[in-house]
Amino acid sequence: MIALHDAALSYGERTLWRGLTLHVAAGEFLVVLGSNGSGKTSLLKVLLGLQRLSAGTVTVNGRRPRRGSDLVGYVPQHKSVPPHTPLRARDLVRMGIDGHRWGPWRPQGETRRRVEDVLGDVGAAQFADVPVELLSGGELQRVRIAQALATDPRILLCDEPLASLDAEHQQTVTELIARRRRTHNTAIVFVTHETANVLPHADRVLDLAAPHDSAALPA
Amino acid sequence: MNLHEIWGEIFNFADYGALLSLVRNSLIAGAVLGLVGGLAGTFVIMRDLPFAVHGISELSFAGAAAALLLGTSVAGGSIAGALVAAGLIGVLGAKARDRGSVIGVLMPFGLGLGVLFLALYKGRAANKFGILTGQIVAVDTPRLSWLLATSAVVLVCLAVMWRPLSFASLDPDVAAARGVPVRALSAVFMLVLGLAVAVSVQIVGALLVLALICTPAAAAVRVTASPVLMPLLSASLATVSVVGGILLSIGSSIPISPYVTTISFLLYGVCRAAGAVRTRRGWTARRPDTVPT
Ligand SMILES: Nc1ncnc2c1ncn2[C@@H]1O[C@H](COP(=O)(O)OP(=O)(O)OP(=O)(O)O)[C@@H](O)[C@H]1O
Ligand SMILES: [Mg+2]
(Lines give C-alpha, C1' and ligand atoms only; values in the text may rest on other atoms or scores of the structure.)
(Ligands and ions follow the chains in the order given, each with its own letter.)
Protein backbone atom coordinates (compact mmCIF):
# COMPACT_ATOMS: atom_id res chain seq x y z
CA MET A 1 0.00 0.00 0.00
CA ILE A 2 2.83 2.34 0.94
CA ALA A 3 6.31 2.07 -0.52
CA LEU A 4 9.23 4.36 0.22
CA HIS A 5 12.53 3.72 -1.47
CA ASP A 6 15.76 5.33 -0.30
CA ALA A 7 13.75 8.35 0.70
CA ALA A 8 15.19 11.47 2.29
CA LEU A 9 13.69 14.67 3.58
CA SER A 10 15.53 17.91 4.25
CA TYR A 11 14.39 21.38 5.02
CA GLY A 12 17.14 23.56 3.62
CA GLU A 13 20.46 22.36 5.04
CA ARG A 14 18.84 20.23 7.68
CA THR A 15 18.23 16.58 6.89
CA LEU A 16 15.50 15.00 8.99
CA TRP A 17 15.89 11.49 7.69
CA ARG A 18 17.49 9.73 4.74
CA GLY A 19 17.92 6.29 3.28
CA LEU A 20 14.43 5.35 4.39
CA THR A 21 13.13 2.25 2.66
CA LEU A 22 9.80 1.00 3.85
CA HIS A 23 6.85 -1.09 2.69
CA VAL A 24 3.53 -1.19 4.45
CA ALA A 25 1.07 -3.83 3.32
CA ALA A 26 -2.70 -3.83 3.62
CA GLY A 27 -3.82 -4.60 7.17
CA GLU A 28 -0.38 -3.85 8.59
CA PHE A 29 0.07 -1.74 11.72
CA LEU A 30 3.21 0.39 11.59
CA VAL A 31 4.20 2.38 14.66
CA VAL A 32 6.42 5.40 14.07
CA LEU A 33 8.52 6.59 17.00
CA GLY A 34 10.99 9.42 17.33
CA SER A 35 11.80 12.43 19.46
CA ASN A 36 10.23 15.84 18.92
CA GLY A 37 11.36 17.32 15.65
CA SER A 38 12.61 14.02 14.22
CA GLY A 39 10.26 14.35 11.25
CA LYS A 40 7.31 12.10 12.08
CA THR A 41 4.65 14.60 11.07
CA SER A 42 6.72 15.43 8.00
CA LEU A 43 6.70 11.75 7.01
CA LEU A 44 2.90 11.73 7.13
CA LYS A 45 2.83 14.92 5.08
CA VAL A 46 4.92 13.17 2.44
CA LEU A 47 2.42 10.31 2.37
CA LEU A 48 -0.43 12.79 2.04
CA GLY A 49 1.20 14.58 -0.86
CA LEU A 50 1.62 17.78 1.14
CA GLN A 51 5.41 17.60 1.21
CA ARG A 52 7.88 16.45 -1.42
CA LEU A 53 10.80 14.17 -0.70
CA SER A 54 14.24 15.65 -1.25
CA ALA A 55 15.44 12.30 -2.61
CA GLY A 56 14.12 8.83 -3.27
CA THR A 57 10.66 7.74 -4.27
CA VAL A 58 7.35 7.24 -2.58
CA THR A 59 4.16 5.57 -3.77
CA VAL A 60 0.81 5.23 -2.04
CA ASN A 61 -1.60 2.70 -3.52
CA GLY A 62 0.88 2.33 -6.33
CA ARG A 63 0.81 5.99 -7.32
CA ARG A 64 2.52 9.21 -6.36
CA PRO A 65 0.80 10.57 -3.25
CA ARG A 66 -1.82 13.11 -4.16
CA ARG A 67 -4.08 15.34 -2.11
CA GLY A 68 -7.73 14.63 -1.69
CA SER A 69 -7.55 10.88 -2.12
CA ASP A 70 -10.49 9.03 -0.60
CA LEU A 71 -8.19 6.07 0.00
CA VAL A 72 -6.14 7.81 2.68
CA GLY A 73 -7.54 8.97 6.02
CA TYR A 74 -5.67 11.42 8.23
CA VAL A 75 -5.96 12.11 11.94
CA PRO A 76 -3.88 15.27 12.57
CA GLN A 77 -1.64 15.94 15.54
CA HIS A 78 -3.82 17.10 18.38
CA LYS A 79 -5.05 20.66 18.17
CA SER A 80 -7.99 22.30 19.84
CA VAL A 81 -10.70 23.66 17.58
CA PRO A 82 -11.01 27.42 17.14
CA PRO A 83 -13.64 28.94 19.46
CA HIS A 84 -16.96 30.14 18.02
CA THR A 85 -17.08 27.45 15.39
CA PRO A 86 -20.65 26.75 14.29
CA LEU A 87 -20.12 23.02 13.82
CA ARG A 88 -21.28 19.95 15.70
CA ALA A 89 -19.46 16.66 15.99
CA ARG A 90 -21.51 15.25 13.11
CA ASP A 91 -20.56 18.20 10.89
CA LEU A 92 -16.88 17.65 11.55
CA VAL A 93 -17.25 14.05 10.44
CA ARG A 94 -19.19 15.11 7.37
CA MET A 95 -16.34 17.40 6.38
CA GLY A 96 -14.26 14.28 5.89
CA ILE A 97 -16.71 13.17 3.21
CA ASP A 98 -17.61 16.29 1.25
CA GLY A 99 -16.03 19.25 3.08
CA HIS A 100 -13.64 19.79 0.17
CA ARG A 101 -16.43 20.20 -2.40
CA TRP A 102 -17.45 23.63 -3.62
CA GLY A 103 -20.77 25.16 -2.71
CA PRO A 104 -22.81 25.49 0.46
CA TRP A 105 -23.91 22.61 2.69
CA ARG A 106 -26.72 20.58 1.18
CA PRO A 107 -28.79 17.99 2.95
CA GLN A 108 -28.00 14.51 1.72
CA GLY A 109 -29.56 11.43 3.21
CA GLU A 110 -26.83 9.08 2.13
CA THR A 111 -24.05 11.24 3.59
CA ARG A 112 -26.04 11.61 6.79
CA ARG A 113 -26.39 7.88 7.20
CA ARG A 114 -22.70 7.36 6.57
CA VAL A 115 -21.90 9.96 9.25
CA GLU A 116 -24.20 8.20 11.74
CA ASP A 117 -22.48 4.90 10.97
CA VAL A 118 -18.92 6.07 11.55
CA LEU A 119 -19.91 8.03 14.64
CA GLY A 120 -21.41 4.81 15.96
CA ASP A 121 -18.24 2.89 15.06
CA VAL A 122 -16.07 5.10 17.24
CA GLY A 123 -18.63 5.26 20.05
CA ALA A 124 -19.37 8.93 19.47
CA ALA A 125 -23.05 8.67 18.60
CA GLN A 126 -24.20 10.09 21.90
CA PHE A 127 -22.44 13.40 21.37
CA ALA A 128 -23.13 13.75 17.66
CA ASP A 129 -25.01 17.02 18.17
CA VAL A 130 -22.67 18.66 20.65
CA PRO A 131 -20.80 21.72 19.31
CA VAL A 132 -17.18 20.76 18.62
CA GLU A 133 -15.78 23.44 20.91
CA LEU A 134 -17.63 21.88 23.85
CA LEU A 135 -16.22 18.38 23.33
CA SER A 136 -13.57 17.05 25.68
CA GLY A 137 -10.14 16.24 24.24
CA GLY A 138 -10.81 12.52 24.11
CA GLU A 139 -14.23 12.97 22.55
CA LEU A 140 -12.84 15.32 19.93
CA GLN A 141 -10.12 12.81 19.14
CA ARG A 142 -12.67 10.07 18.53
CA VAL A 143 -14.66 12.38 16.30
CA ARG A 144 -11.49 13.17 14.34
CA ILE A 145 -10.90 9.47 13.87
CA ALA A 146 -14.48 9.12 12.65
CA GLN A 147 -13.79 11.93 10.18
CA ALA A 148 -10.70 10.14 8.90
CA LEU A 149 -12.68 6.90 8.53
CA ALA A 150 -15.65 8.52 6.84
CA THR A 151 -14.49 7.81 3.29
CA ASP A 152 -13.66 4.22 4.23
CA PRO A 153 -9.93 4.66 3.51
CA ARG A 154 -7.56 1.76 2.89
CA ILE A 155 -4.75 3.60 4.65
CA LEU A 156 -5.10 5.45 7.93
CA LEU A 157 -2.43 7.92 9.00
CA CYS A 158 -2.63 8.89 12.69
CA ASP A 159 -0.42 11.61 14.11
CA GLU A 160 -0.14 11.18 17.88
CA PRO A 161 -3.82 10.38 18.31
CA LEU A 162 -3.20 9.54 21.97
CA ALA A 163 -1.69 12.87 23.01
CA SER A 164 -3.63 14.48 25.87
CA LEU A 165 -5.77 11.39 26.49
CA ASP A 166 -5.99 9.61 29.82
CA ALA A 167 -4.87 5.99 30.08
CA GLU A 168 -8.37 4.63 29.61
CA HIS A 169 -9.06 6.67 26.49
CA GLN A 170 -5.63 5.86 25.11
CA GLN A 171 -6.61 2.24 25.27
CA THR A 172 -10.04 2.84 23.74
CA VAL A 173 -8.61 4.83 20.84
CA THR A 174 -5.78 2.38 20.18
CA GLU A 175 -8.17 -0.55 20.18
CA LEU A 176 -10.56 1.31 17.93
CA ILE A 177 -7.83 1.77 15.36
CA ALA A 178 -6.44 -1.74 15.78
CA ARG A 179 -9.92 -3.18 15.29
CA ARG A 180 -10.28 -1.22 12.09
CA ARG A 181 -7.37 -2.98 10.49
CA ARG A 182 -8.74 -6.38 11.50
CA THR A 183 -12.26 -5.72 10.24
CA HIS A 184 -11.42 -3.66 7.15
CA ASN A 185 -7.83 -4.71 6.43
CA THR A 186 -6.82 -1.04 6.62
CA ALA A 187 -3.11 -0.27 6.69
CA ILE A 188 -2.27 1.86 9.73
CA VAL A 189 0.61 4.27 10.23
CA PHE A 190 0.52 5.29 13.85
CA VAL A 191 2.81 8.03 15.13
CA THR A 192 3.10 8.04 18.90
CA HIS A 193 5.19 8.54 22.02
CA GLU A 194 2.98 6.18 24.04
CA THR A 195 4.80 2.94 23.40
CA ALA A 196 3.28 0.98 26.28
CA ASN A 197 -0.26 0.97 24.95
CA VAL A 198 0.51 0.75 21.28
CA LEU A 199 3.41 -1.60 20.81
CA PRO A 200 1.33 -4.72 21.61
CA HIS A 201 -0.69 -4.00 18.47
CA ALA A 202 2.25 -3.18 16.24
CA ASP A 203 3.45 -5.34 13.39
CA ARG A 204 6.51 -3.20 12.89
CA VAL A 205 8.19 -0.17 14.37
CA LEU A 206 9.94 2.63 12.54
CA ASP A 207 12.18 4.66 14.80
CA LEU A 208 13.15 8.08 13.48
CA ALA A 209 14.90 8.84 16.77
CA ALA A 210 18.44 8.89 15.48
CA PRO A 211 17.75 11.63 12.96
CA HIS A 212 20.62 10.97 10.57
CA ASP A 213 20.58 7.34 9.72
CA SER A 214 17.19 5.91 10.38
CA ALA A 215 15.98 2.70 8.87
CA ALA A 216 12.98 0.47 9.11
CA LEU A 217 13.42 -2.03 11.91
CA PRO A 218 11.41 -5.19 11.96
CA ALA A 219 9.84 -5.46 15.36
CA MET B 1 -31.67 71.07 25.54
CA ASN B 2 -33.84 69.07 27.90
CA LEU B 3 -34.37 65.34 27.82
CA HIS B 4 -37.63 65.65 25.98
CA GLU B 5 -36.02 67.60 23.17
CA ILE B 6 -33.17 65.16 22.98
CA TRP B 7 -35.68 62.32 22.71
CA GLY B 8 -37.43 64.25 19.95
CA GLU B 9 -34.13 64.58 18.10
CA ILE B 10 -33.49 60.87 18.30
CA PHE B 11 -36.97 59.63 17.47
CA ASN B 12 -39.04 61.79 15.18
CA PHE B 13 -41.79 60.12 13.26
CA ALA B 14 -43.52 63.19 11.76
CA ASP B 15 -44.36 62.78 8.04
CA TYR B 16 -43.25 59.17 8.30
CA GLY B 17 -45.04 57.98 5.18
CA ALA B 18 -43.53 60.64 2.95
CA LEU B 19 -40.06 60.05 4.35
CA LEU B 20 -40.37 56.32 3.94
CA SER B 21 -40.66 56.60 0.18
CA LEU B 22 -37.49 58.70 0.14
CA VAL B 23 -35.43 55.97 1.74
CA ARG B 24 -36.69 53.11 -0.42
CA ASN B 25 -33.23 52.69 -1.94
CA SER B 26 -31.65 52.69 1.46
CA LEU B 27 -33.99 49.99 2.71
CA ILE B 28 -33.10 47.76 -0.21
CA ALA B 29 -29.43 48.48 0.35
CA GLY B 30 -29.83 47.80 4.05
CA ALA B 31 -31.49 44.45 3.53
CA VAL B 32 -28.81 43.30 1.10
CA LEU B 33 -26.11 44.60 3.39
CA GLY B 34 -27.53 42.64 6.28
CA LEU B 35 -27.26 39.48 4.19
CA VAL B 36 -23.67 40.27 3.19
CA GLY B 37 -22.56 41.27 6.69
CA GLY B 38 -24.27 38.39 8.42
CA LEU B 39 -22.82 35.75 6.09
CA ALA B 40 -19.32 37.19 5.85
CA GLY B 41 -19.42 37.60 9.62
CA THR B 42 -19.76 33.85 10.06
CA PHE B 43 -16.21 33.41 8.81
CA VAL B 44 -14.95 36.54 10.56
CA ILE B 45 -15.96 34.90 13.83
CA MET B 46 -14.63 31.46 12.88
CA ARG B 47 -11.30 32.78 11.66
CA ASP B 48 -10.95 35.35 14.42
CA LEU B 49 -10.82 38.34 12.06
CA PRO B 50 -12.76 41.14 13.80
CA PHE B 51 -9.60 43.21 14.16
CA ALA B 52 -8.89 42.71 10.45
CA VAL B 53 -12.38 43.96 9.62
CA HIS B 54 -11.70 47.08 11.63
CA GLY B 55 -8.34 47.60 9.91
CA ILE B 56 -9.87 47.14 6.46
CA SER B 57 -12.64 49.60 7.21
CA GLU B 58 -10.12 52.30 8.22
CA LEU B 59 -8.30 51.95 4.92
CA SER B 60 -11.59 51.87 3.13
CA PHE B 61 -12.33 55.16 4.86
CA ALA B 62 -9.01 56.55 3.62
CA GLY B 63 -9.90 55.48 0.07
CA ALA B 64 -13.33 57.07 0.28
CA ALA B 65 -11.84 60.28 1.69
CA ALA B 66 -9.30 60.41 -1.14
CA ALA B 67 -12.11 59.95 -3.67
CA LEU B 68 -14.10 62.72 -2.03
CA LEU B 69 -11.11 65.05 -2.24
CA LEU B 70 -10.41 64.18 -5.87
CA GLY B 71 -14.06 64.38 -6.79
CA THR B 72 -14.21 60.81 -8.05
CA SER B 73 -16.56 58.02 -7.02
CA VAL B 74 -16.65 57.57 -3.26
CA ALA B 75 -17.87 53.99 -3.66
CA GLY B 76 -14.91 53.25 -5.94
CA GLY B 77 -12.53 54.85 -3.45
CA SER B 78 -13.79 52.86 -0.53
CA ILE B 79 -13.62 49.62 -2.49
CA ALA B 80 -10.06 50.37 -3.64
CA GLY B 81 -8.96 51.19 -0.09
CA ALA B 82 -10.60 48.08 1.31
CA LEU B 83 -9.05 45.80 -1.32
CA VAL B 84 -5.58 47.24 -0.76
CA ALA B 85 -5.95 46.70 2.99
CA ALA B 86 -7.37 43.21 2.60
CA GLY B 87 -4.58 42.29 0.18
CA LEU B 88 -1.87 43.59 2.51
CA ILE B 89 -3.36 41.86 5.54
CA GLY B 90 -3.75 38.67 3.51
CA VAL B 91 -0.13 38.69 2.31
CA LEU B 92 1.76 40.14 5.30
CA GLY B 93 -0.52 38.63 7.90
CA ALA B 94 -0.98 35.18 6.39
CA LYS B 95 0.15 33.67 9.69
CA ALA B 96 -2.36 34.27 12.45
CA ARG B 97 0.31 35.39 14.89
CA ASP B 98 1.65 38.12 12.54
CA ARG B 99 -1.78 39.37 11.65
CA GLY B 100 -2.52 41.45 14.72
CA SER B 101 0.64 43.47 14.45
CA VAL B 102 0.29 43.97 10.68
CA ILE B 103 -3.20 45.34 11.20
CA GLY B 104 -2.05 47.45 14.12
CA VAL B 105 0.51 49.03 11.81
CA LEU B 106 -1.80 49.54 8.83
CA MET B 107 -4.79 50.90 10.71
CA PRO B 108 -3.38 54.15 12.14
CA PHE B 109 -1.66 54.79 8.81
CA GLY B 110 -4.97 54.48 6.96
CA LEU B 111 -6.80 56.56 9.50
CA GLY B 112 -4.09 59.23 9.32
CA LEU B 113 -4.35 59.37 5.54
CA GLY B 114 -8.12 59.64 5.82
CA VAL B 115 -7.87 62.53 8.25
CA LEU B 116 -5.43 64.28 5.91
CA PHE B 117 -7.75 63.92 2.90
CA LEU B 118 -10.76 65.10 4.86
CA ALA B 119 -8.85 68.10 6.19
CA LEU B 120 -7.96 69.08 2.64
CA TYR B 121 -11.53 68.59 1.42
CA LYS B 122 -13.50 71.83 1.25
CA GLY B 123 -16.94 70.43 0.37
CA ARG B 124 -19.97 69.74 2.52
CA ALA B 125 -19.27 68.65 6.06
CA ALA B 126 -22.09 66.10 5.85
CA ASN B 127 -20.09 64.24 3.22
CA LYS B 128 -17.11 64.00 5.54
CA PHE B 129 -19.10 62.86 8.49
CA GLY B 130 -21.04 60.39 6.34
CA ILE B 131 -18.01 58.27 5.50
CA LEU B 132 -17.23 57.80 9.16
CA THR B 133 -20.64 57.41 10.70
CA GLY B 134 -22.88 56.34 7.86
CA GLN B 135 -25.57 57.92 5.76
CA ILE B 136 -28.78 56.70 4.24
CA VAL B 137 -30.22 59.55 2.25
CA ALA B 138 -27.24 59.49 -0.05
CA VAL B 139 -28.16 56.15 -1.61
CA ASP B 140 -29.22 57.29 -5.08
CA THR B 141 -29.98 54.83 -7.83
CA PRO B 142 -26.51 54.61 -9.44
CA ARG B 143 -25.00 54.13 -6.00
CA LEU B 144 -27.56 51.45 -5.23
CA SER B 145 -26.62 49.60 -8.40
CA TRP B 146 -22.97 49.68 -7.39
CA LEU B 147 -23.84 48.40 -4.02
CA LEU B 148 -26.03 45.60 -5.30
CA ALA B 149 -23.44 44.53 -7.87
CA THR B 150 -20.65 44.41 -5.31
CA SER B 151 -22.87 42.56 -2.86
CA ALA B 152 -23.78 40.05 -5.53
CA VAL B 153 -20.10 39.35 -6.14
CA VAL B 154 -19.57 38.82 -2.41
CA LEU B 155 -22.57 36.54 -2.04
CA VAL B 156 -21.69 34.39 -5.05
CA CYS B 157 -18.09 34.01 -3.89
CA LEU B 158 -19.19 33.08 -0.37
CA ALA B 159 -21.71 30.54 -1.65
CA VAL B 160 -19.10 28.86 -3.83
CA MET B 161 -16.41 28.82 -1.12
CA TRP B 162 -18.68 28.01 1.79
CA ARG B 163 -17.90 24.38 2.51
CA PRO B 164 -14.16 24.29 1.74
CA LEU B 165 -13.68 27.60 3.55
CA SER B 166 -15.41 26.20 6.64
CA PHE B 167 -13.17 23.15 6.42
CA ALA B 168 -10.02 25.24 5.99
CA SER B 169 -11.02 27.53 8.87
CA LEU B 170 -11.58 24.61 11.20
CA ASP B 171 -8.66 22.43 10.31
CA PRO B 172 -6.25 23.71 7.65
CA ASP B 173 -4.00 20.64 7.71
CA VAL B 174 -6.73 18.11 7.15
CA ALA B 175 -8.43 20.35 4.61
CA ALA B 176 -5.17 20.61 2.65
CA ALA B 177 -4.77 16.85 2.80
CA ARG B 178 -8.29 16.48 1.38
CA GLY B 179 -7.33 18.70 -1.55
CA VAL B 180 -8.71 22.05 -0.41
CA PRO B 181 -6.53 24.92 -1.73
CA VAL B 182 -6.18 26.36 1.77
CA ARG B 183 -3.87 29.29 1.08
CA ALA B 184 -5.64 30.43 -2.07
CA LEU B 185 -8.99 30.27 -0.29
CA SER B 186 -7.73 32.31 2.59
CA ALA B 187 -6.38 34.98 0.22
CA VAL B 188 -9.59 35.06 -1.81
CA PHE B 189 -11.65 35.27 1.36
CA MET B 190 -9.69 38.33 2.51
CA LEU B 191 -10.50 40.08 -0.77
CA VAL B 192 -14.17 39.12 -0.54
CA LEU B 193 -14.17 40.40 3.02
CA GLY B 194 -12.63 43.63 1.71
CA LEU B 195 -15.57 44.04 -0.68
CA ALA B 196 -18.07 43.27 2.09
CA VAL B 197 -16.45 45.88 4.32
CA ALA B 198 -16.43 48.46 1.51
CA VAL B 199 -20.16 48.11 0.90
CA SER B 200 -20.88 48.28 4.61
CA VAL B 201 -18.79 51.42 4.98
CA GLN B 202 -21.14 53.14 2.54
CA ILE B 203 -24.14 52.69 4.79
CA VAL B 204 -23.04 52.37 8.40
CA GLY B 205 -19.77 54.25 8.08
CA ALA B 206 -16.17 53.18 8.61
CA LEU B 207 -16.20 53.36 12.38
CA LEU B 208 -19.09 50.99 12.89
CA VAL B 209 -18.72 48.26 10.31
CA LEU B 210 -18.13 45.69 13.03
CA ALA B 211 -21.73 46.11 14.20
CA LEU B 212 -22.72 44.58 10.88
CA ILE B 213 -19.93 42.12 10.13
CA CYS B 214 -19.08 40.87 13.60
CA THR B 215 -21.88 41.39 16.12
CA PRO B 216 -24.68 39.43 14.37
CA ALA B 217 -22.47 36.40 13.74
CA ALA B 218 -21.08 36.53 17.27
CA ALA B 219 -24.67 36.60 18.52
CA ALA B 220 -25.85 33.76 16.29
CA VAL B 221 -23.05 31.41 17.29
CA ARG B 222 -24.21 31.73 20.91
CA VAL B 223 -27.50 30.04 20.21
CA THR B 224 -26.80 27.48 17.52
CA ALA B 225 -23.90 25.39 16.32
CA SER B 226 -25.65 24.13 13.23
CA PRO B 227 -23.59 25.09 10.17
CA VAL B 228 -26.81 25.85 8.28
CA LEU B 229 -28.89 27.63 10.93
CA MET B 230 -26.07 29.75 12.27
CA PRO B 231 -25.38 31.75 9.07
CA LEU B 232 -29.10 32.11 8.41
CA LEU B 233 -29.65 33.47 11.91
CA SER B 234 -26.63 35.73 11.60
CA ALA B 235 -27.92 37.17 8.31
CA SER B 236 -31.39 37.70 9.79
CA LEU B 237 -30.00 39.50 12.83
CA ALA B 238 -27.85 41.74 10.64
CA THR B 239 -30.77 42.54 8.34
CA VAL B 240 -33.01 43.37 11.27
CA SER B 241 -30.30 45.67 12.66
CA VAL B 242 -29.78 47.63 9.45
CA VAL B 243 -33.37 47.83 8.27
CA GLY B 244 -34.59 48.53 11.79
CA GLY B 245 -31.91 51.17 12.19
CA ILE B 246 -32.96 52.87 8.97
CA LEU B 247 -36.64 52.82 9.92
CA LEU B 248 -35.93 54.39 13.31
CA SER B 249 -33.54 57.01 12.04
CA ILE B 250 -35.57 58.34 9.11
CA GLY B 251 -37.13 61.33 10.80
CA SER B 252 -34.13 62.48 12.79
CA SER B 253 -31.03 64.34 11.74
CA ILE B 254 -28.79 61.88 13.54
CA PRO B 255 -26.59 59.51 11.48
CA ILE B 256 -27.91 56.00 11.10
CA SER B 257 -25.06 54.22 12.85
CA PRO B 258 -26.11 54.60 16.50
CA TYR B 259 -29.48 53.03 15.68
CA VAL B 260 -27.87 50.09 13.89
CA THR B 261 -25.21 49.51 16.51
CA THR B 262 -27.71 49.70 19.36
CA ILE B 263 -30.13 47.24 17.79
CA SER B 264 -27.35 44.84 16.93
CA PHE B 265 -25.93 45.12 20.45
CA LEU B 266 -29.31 44.45 22.03
CA LEU B 267 -29.82 41.42 19.79
CA TYR B 268 -26.41 40.19 20.87
CA GLY B 269 -27.47 40.54 24.50
CA VAL B 270 -30.62 38.55 23.86
CA CYS B 271 -28.70 35.80 22.07
CA ARG B 272 -26.13 35.60 24.84
CA ALA B 273 -28.85 35.23 27.42
CA ALA B 274 -30.56 32.57 25.31
CA GLY B 275 -27.24 30.78 24.88
CA ALA B 276 -26.64 30.84 28.62
CA VAL B 277 -30.04 29.27 29.22
CA ARG B 278 -29.35 26.67 26.58
CA THR B 279 -26.00 25.80 28.13
CA ARG B 280 -27.54 25.55 31.59
CA ARG B 281 -30.25 23.28 30.25
CA GLY B 282 -27.46 21.06 28.98
CA TRP B 283 -26.38 21.89 25.46
CA THR B 284 -23.62 19.37 25.86
CA ALA B 285 -25.99 16.71 27.15
CA ARG B 286 -25.39 13.31 25.67
CA ARG B 287 -28.31 11.45 24.21
CA PRO B 288 -29.96 9.70 27.13
CA ASP B 289 -30.62 6.43 25.30
CA THR B 290 -26.92 5.88 24.73
CA VAL B 291 -25.36 6.96 28.02
CA PRO B 292 -21.71 5.85 28.01
CA THR B 293 -21.34 2.26 29.00
N1 LIG C 1 7.63 23.40 6.23
C2 LIG C 1 8.75 23.36 6.98
N3 LIG C 1 9.81 24.12 6.68
C4 LIG C 1 10.95 24.07 7.41
N5 LIG C 1 11.12 23.28 8.48
C6 LIG C 1 10.09 22.50 8.83
C7 LIG C 1 8.86 22.48 8.12
N8 LIG C 1 8.03 21.59 8.69
C9 LIG C 1 8.73 21.07 9.73
N10 LIG C 1 9.96 21.61 9.82
C11 LIG C 1 10.97 21.25 10.80
O12 LIG C 1 11.24 19.88 10.67
C13 LIG C 1 11.41 19.29 11.93
C14 LIG C 1 10.52 18.09 12.04
O15 LIG C 1 9.17 18.51 12.11
P16 LIG C 1 7.98 17.48 12.35
O17 LIG C 1 6.77 18.26 12.58
O18 LIG C 1 7.98 16.50 11.25
O19 LIG C 1 8.48 16.78 13.70
P20 LIG C 1 7.77 15.66 14.55
O21 LIG C 1 8.66 14.48 14.53
O22 LIG C 1 6.37 15.45 14.11
O23 LIG C 1 7.82 16.31 16.00
P24 LIG C 1 6.76 16.27 17.19
O25 LIG C 1 7.02 15.04 17.98
O26 LIG C 1 7.10 17.48 18.01
O27 LIG C 1 5.40 16.34 16.60
C28 LIG C 1 11.13 20.35 12.96
O29 LIG C 1 12.34 20.78 13.50
C30 LIG C 1 10.48 21.46 12.19
O31 LIG C 1 10.91 22.70 12.69
MG1 LIG D 1 4.55 15.88 14.86
Note: A vs B interface, total accessible area buried (1.4 Å probe; ligands, DNA, RNA excluded), nearest 100 Å², is 3600 Å²
Here the whole-number average of other chain Cβ atoms within 10 Å per Cβ of B:224-237 is 4
Counting other chain Cβ atoms within 10 Å of each Cβ in A:65-72 and taking the mean gives 3
The answer for the net charge of residues other than B:R280 whose Cβ lies under 14 angstrom from its Cβ, with Lys and Arg +1 and Asp and Glu -1, is +4
A 1.4 Å probe over the protein heavy atoms gives the range A:2-218 a carbon and sulfur accessible-area percentage of 48 percent
Heavy-atom accessible area of chain B with neighbours in place, 1.4 angstrom probe: carbon+sulfur share in percent works out to 71 percent
If each K or R counts +1 and each D or E counts -1, the residues other than B:F117 whose Cβ falls under 15 Å of its Cβ total +2
GNM of chain B, Cα pairs under 10 angstrom: of B:P50, B:P231, B:P164, the biggest fluctuation goes to B:P164
Descending packing, highest mean Cβ count within 10 Å first, for A:146-154, A:105-113, A:182-190 is A:146-154, A:182-190, A:105-113
Relative contact order of the range A:2-218 (C-alpha contacts under 8 Å, at least 6 apart) in percent is 33 percent
GNM of chain A, Cα pairs under 10 angstrom: of A:P104, A:P200, A:P131, the biggest fluctuation goes to A:P104
Quick calc: nm separation of the 7 Å Cα→Cβ label points for A:L50 and A:A196 -> 3.0 nm
Regression test value, accessible area per residue of the protein assembly as shown, probe 1.4 Å, units Å², expected 43 Å²
In chain B, helical segments from DSSP H whose Cα atoms cover 24 Å or more along their own axis and that average at least -0.5 on the Kyte-Doolittle scale are B:24-46, B:50-70, B:74-92, B:96-120, B:141-170, B:182-204, B:229-249, B:257-280
Neighbours of B:T215 by Cβ distance under 12 Å: Lys/Arg at +1, Asp/Glu at -1, summed charge +2
Among beta bridges assigned by DSSP with both residues in the range A:2-218, the antiparallel ones amount in percent, to the nearest 5, to 50 percent
Computed for the range B:14-283: size of charge dipole around the Cα centre, +1 on C-beta of each Lys and Arg, -1 on C-beta of each Asp and Glu, debye to nearest 20, value 420 debye
The answer for chain A, counting only DSSP H helices whose Cα atoms cover 30 angstrom or more along the axis and whose Kyte-Doolittle average is -0.5 or greater, is none
Residues hit by the 40 Å² burial cutoff in the range A:123-141, accessible area with a 1.4 Å probe, assembly against chain on its own, are A:Q126, A:V130, A:P131, A:L134
Given unit charges at Cβ for Lys, Arg (+) and Asp, Glu (-), the dipole magnitude of the range B:1-119 about its Cα centre in debye, nearest 20, is 500 debye
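Among the lysines in the protein assembly as shown, how many pairs, 8 or more places apart or on different chains, have alpha carbons under 23 Å apart?
Taking the protein assembly as shown as the scope, the lysine pair count is 5.
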Given the candidates B:G93, B:L147, A:L156, the one whose Cα lies deepest towards the positive end of the charge dipole of the protein assembly as shown, counting +1 at each Lys or Arg C-beta and -1 at each Asp or Glu C-beta, is B:L147
With +1 on the Cβ of every Lys and Arg and -1 on the Cβ of every Asp and Glu, the dipole magnitude of the range A:2-218 about its Cα centre, in debye rounded to the nearest 20, is 800 debye
GNM of chain B, Cα pairs under 10 angstrom: of B:A65, B:A175, B:A85, the biggest fluctuation goes to B:A175
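The values are calculated or read from the model by the stated rules, or taken from the named source; none is laboratory data. Note that the structure is predicted; figures quoted are calculated from it, not measured. Counting neighbours? That spans all protein chains shown, and the Cβs are built from the backbone with ideal geometry, glycine included. Side chains included, ligands, DNA and RNA excluded: accessible areas come from the protein's heavy atoms. Shrake-Rupley method; radii C 1.70, N 1.55, O 1.52, S 1.80 Å.
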